[in-house]
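Chemist: Submitted below is the structure of interest, expressed as structure tokens.
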Amino acid sequence: MSAAAPPAVVTAVPVPRLAWLDALRGIGAMAVVAEHLLPWFLPALRPYWFNLGVYGILVFFLVSGYIIPTSLERHGDVRAFWISRFFRLYPLYVAVIVLVLALAWWVPVREAVPRDGSAVAAHATMLLDVVSVGGVADTMWTLSYEMVFYLLVTALFVTRGHDRSGLLSMLFAAAAVVVGLVASGAVLVGGWTAYVSCAGFVAGLACVVRGRFRTAAACALGLMGLAAVLLSSRVPWLGAAVLAVMFAGTAIHRWERGTGSLWPVAVTTALVGIAPLWAIESGWWWVRADVWLTTIALAGATFAGGMALRRRRLPRVLVWFGLISYSLYLVHHPVLKYFVEITGDLRRADLPYQLGMAALALTVVVAVSALTYRYVERPAQALGRRLSHRSGHGLQGGGEARVAGQDAGDDRVLGHEEGQVPDRVRDHVGQGDAVR
């Protein structure tokens, strides 16, 4: 009699630990695409009880704050961190700039972009909005705050202050309230801010990456970014509020790991909620108390829902949208502009035609984003990973703190979203419809 066959072992397929973050990115990306698509194609369906674009921004910045600092801590190497960030962000960013400039004969570059060297300097650093320079693609303004966050996180890491995210989130939220009450706009104005920040950015990062005067350079860059947000950004209170939200995301991660408290997040939420209510520069419809607070509540609930489902299998389409979210963010706005240039004004067309054109435009946006992700983002990320792994240089005098249990393959930078109204339709939908 033959021996009985051993019972089959059924192994559960593990759920990727950070798939929920990609799903959140997917939700945020599609919210911002909808914010830009609806005014052009289906204005009757655009919600006004909350703002889709701001909702998407807040979700993205919470995700960024949650994962980016721990990425640096896991590497324990600021050189590897910045190499990976460069190859994650710049290749697609430069490709979109080239596309927009190449087609400027057909759809002109935005009037908000200076026609001088200050635009080149601001685009080179991505510090566009914090030096009051418009991006060639409307959605690029949020990259400014992502970059400032990187600079601040690096400075905190080299000075061993990176575990104070809860305190920092509250301080930035309080700054948003105070600055909103006293500042009507940028204090430092003029193209010189773009030139100075570009020179400091290049010199400082060269020191950080090469390891010479690393701590001093990182601190100088962090102070420069902070000064730019508070003194030369277009809307200082909004910049401070964005940084508060990002550090709140970090505080949530500390709490989840048992190394921090959650109450600073509650304080930050309350302060960010009231920040625009009495701000001097707050005349947009989306900062009305009911709209602003509802938008914040929805973004927070979405992030909390994602955390609650983080160990469950999530819809693949949302995770996939999250993977291509950076492409969706940078590509969708120019593509929608070109689409409208071809089709003409669709806002007064019959509803079936509007629905058909909206579906077609969305299909084109997703297809182009998938292609740029496949042929621009992924090869650049792979190259960045190879170069960062070869660096092999630990942080000098800054601690080698790492976060265990996270796969390096999960170290992705989210897309960044916004809610501006396209230039071509701004006069039709009203000034109050623009996020900026």
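The values are calculated or read from the model by the stated rules, or taken from the named source; none is laboratory data. The shown structure was predicted, so the numbers you read here are calculated from the model rather than taken from an experiment. Ideal geometry is used to build each Cβ from the backbone, glycine not excepted, and the neighbour counts take in all protein chains shown.
Chemist: Could you go through segment 321-333 and let me know if any residue there is farther than 19 Å from L58 by Cα and modelled with pLDDT of 95 or more. I'd like the intermediate steps shown before the answer.
Modeler: We begin by selecting, within segment 321-333, every residue farther than 19 Å from L58 by Cα; these are 331.
Keeping just the survivors that are modelled with pLDDT of 95 or more gives 331.
Yes, some residue in segment 321-333 is farther than 19 Å from L58 by Cα and modelled with pLDDT of 95 or more.
Chemist: Given the condition basic (K, R) and either at pLDDT 95 or above or out of contact with any Gly (no Cβ under 6 Å at 6 or more places or on another chain) (or both), answer yes or no: does some residue in segment 242-256 qualify?
Modeler: Scanning segment 242-256, I find no residue that is basic (K, R) and either at pLDDT 95 or above or out of contact with any Gly (no Cβ under 6 Å at 6 or more places or on another chain) (or both), so the answer is no.
Chemist: Next up: Among the residues of segment 218-265 satisfying the criterion of being hydroxyl-bearing (S, T, Y) and in contact with a helix residue (DSSP H, G or I) (Cβ under 8 Å, 6 or more places away or on another chain), which is farthest from G190 (Cα to Cα)?
Modeler: The extreme case among them is S261.
Chemist: Quick check: anything in segment 85-99 touching a helix residue (DSSP H, G or I) at 6+ places or on another chain (Cβ under 7 Å), at pLDDT below 95 and crowded, with 23+ Cβ neighbours inside 10 Å?
Modeler: No: segment 85-99 contains no residue that is touching a helix residue (DSSP H, G or I) at 6+ places or on another chain (Cβ under 7 Å), at pLDDT below 95 and crowded, with 23+ Cβ neighbours inside 10 Å.
Chemist: So if I check each of V242, V267, which one is surrounded by 22 or more Cβ atoms within 10 Å (Cβ to Cβ) and among the aliphatic types (A, V, I, L, M)?
Modeler: Exactly one of V242, V267 is surrounded by 22 or more Cβ atoms within 10 Å (Cβ to Cβ) and among the aliphatic types (A, V, I, L, M), namely V242.
Chemist: Out of the residues in segment 113-124 that are free of Cβ contacts under 8 Å to residues at least 40 places away in the same chain and among the aliphatic types (A, V, I, L, M), state the one that is surrounded by the fewest Cβ atoms within 10 Å (Cβ to Cβ).
Modeler: Only one residue fits best here, namely V120.
Chemist: Scanning segment 154-173 for residues that are touching a Leu at 6+ places or on another chain (Cβ under 6 Å) and in a helix (DSSP H, G or I), which turns out nearest to A220 (Cα to Cα)?
Modeler: Going residue by residue through segment 154-173, those that are touching a Leu at 6+ places or on another chain (Cβ under 6 Å) are 157, 162, 172-173.
From the residues that got through so far, the ones that are in a helix (DSSP H, G or I) too are 157, 172-173.
Working: F157: 13, F172: 19, A173: 22 Å.
Among residues in segment 154-173 that are touching a Leu at 6+ places or on another chain (Cβ under 6 Å) and in a helix (DSSP H, G or I), the one nearest to A220 (Cα to Cα) is F157.
Chemist: Moving to a separate point now. Right, W192: surrounded by fewer than 20 Cβ atoms within 10 Å (Cβ to Cβ) and under 20 Å from V63 (Cβ atoms) or not?
Modeler: It is false that W192 is surrounded by fewer than 20 Cβ atoms within 10 Å (Cβ to Cβ) and under 20 Å from V63 (Cβ atoms).
Chemist: May I ask you to verify whether V291 is out of contact with any helix residue (DSSP H, G or I) (no Cβ under 8 Å at 6 or more places or on another chain), under 28 Å from G185 (Cα atoms) and buried (at least 18 other Cβ atoms within 10 Å of the Cβ)?
Modeler: Spelling it out, it is not the case that V291 is out of contact with any helix residue (DSSP H, G or I) (no Cβ under 8 Å at 6 or more places or on another chain), under 28 Å from G185 (Cα atoms) and buried (at least 18 other Cβ atoms within 10 Å of the Cβ).
Chemist: Can you tell me which of F86, F41, F50, F61 is in contact (Cβ under 8 Å) with a residue 12 or more places away in the chain and under 22 Å from E341 (Cα atoms)?
Modeler: Checking each option against the conditions leaves just F41.
Chemist: Name the residues in segment 197-214 that are surrounded by fewer than 17 Cβ atoms within 10 Å (Cβ to Cβ) and among the β-branched types (V, I, T), would you?
Modeler: Correct list: V202 only.
Chemist: Right, here's the next one. Within segment 53-68, can one find any residue that is over 13 Å from the mean Cα position of the chain (by Cα) and on the phi < 0 side of the Ramachandran plot?
Modeler: no
Chemist: While we're here: When the residues of segment 310-346 are narrowed to those that are part of a loop (DSSP other than H, G, I, E, B) and loosely packed, with under 15 Cβ neighbours inside 10 Å, which ends up nearest to the chain's Cα centre (by Cα)? Give the steps one after another, and end with the answer.
Modeler: If we filter segment 310-346 for residues that are part of a loop (DSSP other than H, G, I, E, B), which is where we start, we get 310-315, 324, 344-346.
Then drop every residue that is not loosely packed, with under 15 Cβ neighbours inside 10 Å, which leaves 311-313, 315, 344-345.
Numbers: R311: 24, R312: 25, R313: 25, P315: 22, G344: 31, D345: 30 Å.
By that ranking, first place goes to P315.
Chemist: How many of the residues making up segment 211-226 are in contact (Cβ under 8 Å) with a residue 12 or more places away in the chain and out of contact with any Leu (no Cβ under 6 Å at 6 or more places or on another chain)?
Modeler: Qualifying residue count, segment 211-226: 10.
Chemist: Take the residues in segment 347-363 that are in a helix (DSSP H, G or I) and of a type in the set (G, A, S), then tell me which one is nearest to R46 (Cα to Cα).
Modeler: Among them, the one singled out is A358.
Chemist: Can you tell me which residues in segment 193-247 are assigned to a helix (DSSP H, G or I), among the polar types (S, T, N, Q) and farther than 17 Å from L72 by Cα?
Modeler: T193, S197
Chemist: Further, regarding this structure: Test T363 against the stated conditions and say whether it is over 20 Å from the mean Cα position of the chain (by Cα), at pLDDT 95 or above and exposed (fewer than 13 other Cβ atoms within 10 Å of the Cβ). Please lay out each step first, then the result.
Modeler: Working: over 20 Å from the mean Cα position of the chain (by Cα): yes; at pLDDT 95 or above: yes; exposed (fewer than 13 other Cβ atoms within 10 Å of the Cβ): yes.
When the stated conditions are applied, T363 passes them.
Chemist: Let me ask you something else. Of the conditions (1) out of contact with any Lys or Arg (no Cβ under 8 Å at 6 or more places or on another chain); (2) of a type in the set (G, A, S); (3) modelled with pLDDT under 90, G356 clears all except one; give me its number.
Modeler: (3)
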